[in-house]
Each structure stands twice: as C-alpha cells, then as structure tokens.
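In what follows, a single structure is set out as structure tokens and then discussed.
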Amino acid sequence: MPRVKRGTKRRQKRKKILDRASGYFLTKSKLYRAAKEAVDRGLKFAYSGRKQRKRQFRSIWIVRIGAAAKLNGLSYNKFIHGLKKAGVELDRKILADLAVNDAAAFKSLAEQAKGALA
C-alpha cells in the first residue's frame, strides 16, 4: 500500500478547528489539541442549547398567557381548557403574542373560554 503523508488535508482539518476556536481564551484559540477539545465541547453545548431554547420559549409563553388570563379572571389551566372546549386551536406562541400586544383580542378569547366552561 502506498504511503500517505496527508499534507494539505491535515492542514485543512486543523485550520477548520482553529477557525472555529477563534475568540477562545489563551491556548484554546492557538494550539490545536486544546482548540479541538474546546470546539468539541462547544459543539456539544450548542446541540443541547438548541433543545433548551425551545423549552425556555414555551415556559415564557406560558407565563405570559397565565398573567393575561389572571387579568381576565381565569387561571392558566382553566383558560387553556376553556379554549380547547370552545374549539379554538391557537398555539401558545400566538396566545402569548396576543396577550402582550393585543389585550382586546385576548379578552375576547378569555370570554370564549369562560363561555365554554360554563
């Protein structure tokens, strides 16, 4: 089998890692081995962070909907249950946006939920 020295491929691979590590502190941005460990760790956190972001946004939406529902005399779970019974199929993202930006529309939804519960 012929001998392979990997001249350009090795350089490309290392350059890619060091480019990703630019901005890291001290040797993590300059030395290949430290940079590779830091980049691998960073990519791991980036992956889990994309999942966590979805959870965090959902919890923010729930807090906003709950606060607006309280202003209209309902708890969060009664409000959601009432909307389900009334056949309103809006997701929490839209409901939270209405709660923050359009109080009149949210109030009408709250009235629909109360009517469905009664």
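For the range 15-89, the dipole from Cβ point charges (+1 on Lys and Arg, -1 on Asp and Glu) about the Cα centre works out to 200 debye, to the nearest 20. Against the main long axis of the alpha-carbon atoms of the chain, helix 7-20 sits at an angle near 40°. Return one number: the angle in degrees, 0 to 90 and rounded to the nearest 10, between the long axis of the Cα atoms of helix 32-71 and the longest principal axis of the Cα atoms of the chain. Approximately 10 degrees, to the nearest 10. Among the listed values (i) 21, 16, 13; (ii) 55, 15, 10; (iii) 18, 17, 16, the one matching semi-axes √(5λ) of the Cα gyration tensor in Å as calculated from this structure is (ii).
Take every pair of alpha-carbon atoms less than 8 Å apart whose residues are at least six positions apart; their mean separation over the length of the chain yields a relative contact order of 19 percent. Highest GNM mean-square fluctuation among Phe25, Phe57, Phe45, for the chain modelled with Cα contacts below 10 Å: Phe25. Result for the chain in a Gaussian network model with C-alpha springs under 10 Å: among Lys44, Lys13, Lys93, the largest mean-square fluctuation is at Lys13. Among Ile65, Ile80, Ile17, whose mean-square fluctuation peaks in a Gaussian network model of the chain (Cα, cutoff 10 Å)? Between Ile65, Ile80, Ile17, it is Ile17 that shows the largest mean-square fluctuation. Hey, what angle do you get for helix 103-117 against the long axis of the chain, alpha-carbon based, 0 to 90 degrees rounded to 10? Long axis of 103-117 versus the principal axis of the chain: about 60 degrees.
Bear in mind that the values in this text are calculations on the coordinates, not laboratory data. Small disclaimer: the values here were computed from a predicted structure and weren't measured. Reconstructed Cβ throughout: ideal geometry from the backbone, glycine too, with neighbour counts over all protein chains shown.
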